[in-house]
Amino acid sequence: MEEIFQDIQSDIRYDHELNGCLNCGICTATCPAAHYYDFSPREIVQLLWTENLEGIYDAMQEKIWA
């Protein structure tokens, strides 16, 4: 899991895009997955922003790939 998170953090868009996503919120309104599943793109971004590896793993198992 840490390897995946390190890959995400190494992306040059990591800091700027994550901060912008938390401020905007339009992704949840336009995300097709958010309408049909217990899935919030903002929740996933918040988990990444706070470096909550356990939460990211749980979200991957219970929400993203469920």
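Rule-based calculations on the coordinates, nothing more; no lab input. From a predicted model like this one, the values you see are computed outputs, not experimental measurements. When we count neighbours, we look across all protein chains shown, and the Cβ atoms used for this are built from the backbone with ideal geometry, even at glycine.
A few points about this structure:
- Sorting Arg42, Arg13 by the number of Cβ atoms found within 10 Å of their own Cβ, with the fewest placed first, yields Arg13, Arg42.
- Order of Ser40, Ser10 under a 10 Å beta carbon neighbour criterion, fewest first: Ser10, Ser40
- By the count of neighbouring beta-carbon atoms within 10 Å, fewest first, Ile8, Ile26 end up ordered Ile26, Ile8.
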